[in-house]
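What follows is a short report on a single structure.
The values are calculated or read from the model by the stated rules, or taken from the named source; none is laboratory data. This one's a predicted model, so the numbers in the text were calculated from it and none came from an experiment. Because the Cβ atoms are built from the backbone with ideal geometry, glycine has one as well, and the counts that use them run over all protein chains shown. Just so you know, the surface numbers come from the protein's heavy atoms only, side chains and all, with ligands and any DNA or RNA stripped out. Shrake-Rupley method; radii C 1.70, N 1.55, O 1.52, S 1.80 Å.
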Amino acid sequence: MIVRGDARWLPLDDGIAQCCVTSPPYWGLRDYGVEGQIGLEASLGDYVARLVEVFREVRRVLRPDGTLWLNLGDGYARNPKKGGSGAEGKNYRTVNGEKIVVYQGRRRSLPGGLKPKDLIGLPWLVAFALRADGWWLRSAVVWDKPNALPDSVRDRPVLSYE
């Protein structure tokens, strides 16, 4: 069964699903034009808190032996004074025939404690927040991308996994 709607309020009974596979919108990368959408929170902490809220509902719907498979990409902290996260430019990309607005630089400031160019560690921040909320962190499965797109940045390896 495929259910469309706000993931924080699933119209499903308790404990009926054995598996949830999902890839929520990454933080600060796209505007899908939906008010209150996940991914455009003002801060990294707000984003992580929103995902914890979503996965509380997923946990309610999962059976006791159910599993969650979460695909979540990482990103790099950008200095707003040097473009990147301070830019307000819009780009458009077509995904499955639909025109999607891609905002470059929704993040207006560096997340707390990060320096420009730091790897954020977003999947781990979310995993640890979920663990603190009662989830069991049983494994990390890496999605290897052997043909990753080239990166214009020359001072770090290409991020070729999620």
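Step by step: first the residues of the stretch 117-158, then only those that are among the basic types (Lys, Arg) and in a loop (DSSP other than H, G, I, E, B), then the one that is nearest to residue 51 (Cα to Cα). Which residue is that?
Checking each candidate, the answer is 138.
Within the stretch 33-53, can you find the residues that are in contact with an Asp or Glu (Cβ under 9 Å, 6 or more places away or on another chain) and either open to solvent by less than 40 Å² (accessible area, probe 1.4 Å) or assigned to a loop (DSSP other than H, G, I, E, B) (or both)?
36, 37, 39, 40, 47, 48, 52
Out of (1) open to solvent by less than 100 Å² (accessible area, probe 1.4 Å); (2) within 16 Å of the chain's Cα centre (by Cα), what's the single condition that is false for residue 137?
Looking at each condition in turn, residue 137 falls short on (2).
Take the residues of the stretch 1-32 that are assigned to a loop (DSSP other than H, G, I, E, B) and of a type in the set (D, E, K, R): which is least open to solvent (accessible area, probe 1.4 Å)?
Per the stated criteria, the residue is 8.
Of the conditions (1) at pLDDT 50 or above; (2) open to solvent by 60 Å² or more (accessible area, probe 1.4 Å); (3) over 16 Å from the mean Cα position of the chain (by Cα), residue 108 clears all except one; give me its number.
It is condition (1) that residue 108 fails.
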